[in-house]
Amino acid sequence: MVIKVEDTLRTDRLTDLKEAGDSAGVPAVARERGRAPQIVPDANQQTPAVGQRVTRPDSRPHITGQTRYIDDMSFPNMLHMKILRSEYAHARIVNIDVSEAEKMPGVVATLTGKEIPVNSFGPSYQDQPVLADDKVRHMGDGVVAVAAETEQQAQDALARIKVDYEKLPLVLDPLEAMKEDSPKIHGESNIYATKVIRKGDVEQALARADLVMEARFSTQMVEHVPMEPHATIAMWEPDGRIKILSSLGRITLGRADMARTLDMPVNRIQVVGTIVGGNFGGKNEITTEPVLALLARKTGRPVKGVFTRKDEFVSSTTRHPFIMDYKTGVMKDGRIVARKVRIVADGGAYCSWSETTLGKGAILSVGPYRIDNLEVKAYAVYTNKTTCGAMRGFGAPQVCFGYESHMDDIARELGIDPLEIRLRNVFDEGSPSPTGQVLHSVAVRESLDTVADRVGWKEQTQ
Amino acid sequence: MDVTITVNGKERSAAVPPETTLLTMLRTNLGLTGAKLGCDVGDCGACTVLVDGEPVNACLMLAAQVDGREVVTIEGLSGFQTLSPLQEMFDLFSSFQCGFCAPGMIISAKALLDKNSSPTVAEVREALAGNLCRCTGYTKIIDAVMEVGARTAAGAERA
């Protein structure tokens, strides 16, 4: 049976508005349940939704194929955009010739980076061009956009664009990129973000530890691969306002980025967040929205741009590969006394959400363990690869792989059960985090015990 | 070139360039946007439709190849206010999150159930192997299809 939870929730909200104790004002549903009207629910109080089966309000459009994602929408006179991307991972752009492409059938306009009022964006550092102008820093950099009557015509025109490049030395390994003599991608250093956490005296604690274990762990780049590729429709309205329909998840941030790149007041930009076919963090910042907006202004027509699957892989952001060096001092009884971590996050060509990812990764890299002596040094490094940005967890999955693998190695070396060594070190109620935050509602011990019990850990390991 | 296909029981024609895929014809020429373009290379299954009862990736098939044949899309499965049994179970089990894969999933599942009304889990997994979902982890999708099979076996109407 499907229970309509929506109604009961609405009732609760009505109840909230009534004065506490005003039983006459309590809706019948709440009275029948014998609940007193409450402004703020008690902690741990079951809300009426928990344990109920609900159907999603947007269920029907999805399962009948009636949901309108961006690519399902079109407007009269709409053009289609395709982007020519870089041929090289690192090169100076010497010349761009679009004259042949503009003569191609159906082509209405082209756009290069030099035509973008403020050609840079990014959530932390504005180091990323909307379309590359002076140089390309990875194969995914867009160089020229073409708007044509059909997608096929736009695609065909890309082949007629001539871009002259002067190849530059490239760096693909983040450890190489950290060296002083490495090719530089932006400015004078490839290290563009650093996070350091220090607590206690790590060297002294390592010196008195019974055992010191060292290991390097690395993780790979991961693309979100949303089922729906990035998609946008831009309309430059006759009143000088711009309307953007976008698969962007963070439309407010996107609007600010639009205002910056287009150099226009934010109140003239409307960004409509549509139903998104999968985000996972990869649709958290603008990609080609300003390009579509400018093409819409150039042509006076709506312009749609949908990423190809290749665009999605080479030019949208990905999860950072981490190289993690762990050094841990531990006593014979399994108590960890010191931990040093060095994280090198391969950020690819642009910063994107690297700073956020690095910060969270650094804090969590110690693991959910009470360790009095710590040193964490984390670096985000440019390489000539696909840009890394937000992806579920912001660095947490990478470091979890690192510290838990390391924990298993330590347990094996000491001959202690892997569950037991964790129980001897995990956070308790009130434990401080590596950055000194006092933690509450800590349930890691109970969680581990419960899981061990349910999977029959003791029986299996005996 | 002129292409005429029977889509969801109705004869539809369009003049299309020869390189036009069935997916483009359905979405652009016929306004049926239920089948989605996810990868355009036959990997993801979001564009799955039935051609003469067989599930195909509409992004890989030329419209011209389907001339004179019968096509069923997600739009052909339900009325405006009614759902097919498969759609009902996808609804009940919340077998989707972003929803982009759902039309293709449902069509692939229908192709299976039309031939095999109460499949095993292994058969369901095999039938849906060409449909990717990045959100759900597939469990609820398989549950929904199995439930339709179970209800059919219990004497309910066909999918």
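Only the coordinates and a few stated rules stand behind these numbers; no lab work does. Computed from a predicted model, the values in this text were never measured in an experiment. Every residue, glycine as well, gets a Cβ built from its backbone with ideal geometry; the counts of neighbours run over all protein chains shown.
What to note about this one:
- Low-density loop cleavage sites - trypsin sites (Lys or Arg not before Pro) in segment A:201-308, where at most 15 other Cβ are within 10 Å (DSSP): A:ARG241
- Phi angles of segment A:50-58 translate, via the Karplus equation with coefficients 6.51, -1.76, 1.60 and θ = phi - 60°, into HN-Hα couplings of 5, x, 9, 7, 10, 9, 6, x, 9 Hz per residue; Gly and Pro are given as x.
- Beyond 25 Å in Cα-Cα separation lie the following of the pairs A:LYS310/B:LYS115; A:LYS199/A:LYS332; A:LYS167/A:LYS304: A:LYS310/B:LYS115; A:LYS167/A:LYS304.
- Paramagnetic reach from A:LYS167 in segment A:70-89 [backbone N under 16 Å; point 7 Å along Cα→Cβ]: A:86-89
- Net charge of neighbours whose Cβ lies under 13 Å from the Cβ of B:ASP67, counting Lys and Arg as +1 and Asp and Glu as -1: -2
- Taking the Cα centre of chain B as reference, the dipole from Cβ charges on Lys and Arg (+1) and Asp and Glu (-1) amounts to some 260 debye.
- Counting only other chain Cβ atoms within 10 Å of each residue's Cβ, the peptide A:309-321 averages 1.
- Counting Cβ atoms of other protein chains within 10 Å of each residue's Cβ and taking the mean over peptide B:94-107 gives 6.
- Taking trypsin sites (Lys or Arg not before Pro) across segment B:14-105, the ones in a DSSP loop with at most 16 further Cβ atoms lying within 10 angstrom of their Cβ are B:ARG69.
- Partner aspartates and glutamates for A:LYS327 [C-alpha distance under 19 Å; skip if fewer than 8 residues away on the same chain]: A:ASP201, A:GLU203, A:ASP210, A:GLU214, A:ASP372, A:GLU375, A:GLU404, A:ASP408, A:ASP409, A:GLU413
- Sorted largest first, extent of chain A alpha carbons per principal axis (Å): 76, 75, 40
- Relative to the Cα centre, the charge distribution of the protein assembly as shown, modelled as +1 at Lys and Arg Cβ and -1 at Asp and Glu Cβ, gives a dipole magnitude of about 840 debye.
- For A:65-75, mean number of other protein chain Cβ atoms within 10 Å: 5
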